Structure formats: structure tokens, C-alpha cells
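Participant: Handing you a structure now.
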């Protein structure tokens with residue numbers, strides 16, 4: 001698969017929409033960093049981030065619910 005340089009606009013959703021989100025699969029994207037507020041207010045049970053380009057994660061980036 002070839003990267004053609006398409007970078008979709010970052011999406012944001014109100015917390016009320018994501019309140020029931022438990023499984024989030026972000027494998028195979030071009031994610032290179034995760035800010036500390038990326039998963040705030042989410043009650044995730046599963047978060048997958050494999051095959052990304054993550055080189056930086058701020059402290060407390062991952063939700064405590066998946067530990």
C-alpha cells in the first residue's frame with residue numbers, strides 16, 4: 001500500500017457521543033504522538049495502537065480503565 005499523502009482533518013466529537021465507547025481500534029494509522037487529553041472521559045476497555053508511528057506519549061495519555 002502506498003502513502004499518497006492524504007491526511008484527513010482531525011475529528012472531534014462531544015463526550016456525550018463517546019460516552020459508551022468501550023473498544024477503540026486505531027491500528028495501522030499515521031499516529032505519531034498521543035497528547036495527555038486524547039482519551040479524557042472515555043471508559044475504554046480495549047485500545048489498540050499497533051502499526052503506527054508513535055514516538056511520543058505524554059504522561060497519563062492512556063486511560064486508567066485499560067490498565
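Participant: How would the stretch 20-67 be classified by its alpha-carbon gyration tensor: rounded, prolate or oblate, with rounded meaning a/c under 1.5 and the a/b versus b/c comparison settling the rest? Don't skip to the answer; put the middle values down first.
Facilitator: Values: a/c = 2.19, a/b = 1.28, b/c = 1.72.
Judged from the Cα gyration tensor, the stretch 20-67 comes out oblate (a/c at least 1.5, b/c at or above a/b).
Participant: At residue 33 and residue 18, where each label point lies 7 Å from the Cα along Cα→Cβ, what is the point-to-point distance in nanometres?
Facilitator: Between residue 33 and residue 18, the label points sit 1.8 nm apart.
Where a number appears in this text, it was derived from the coordinates with a stated rule and is not lab data. Predicted, not measured: the structure shown is a model, and the values here were computed from it. In this analysis, Cβ positions are derived from the backbone assuming ideal geometry, glycine residues included, and neighbour counts consider all displayed protein chains.
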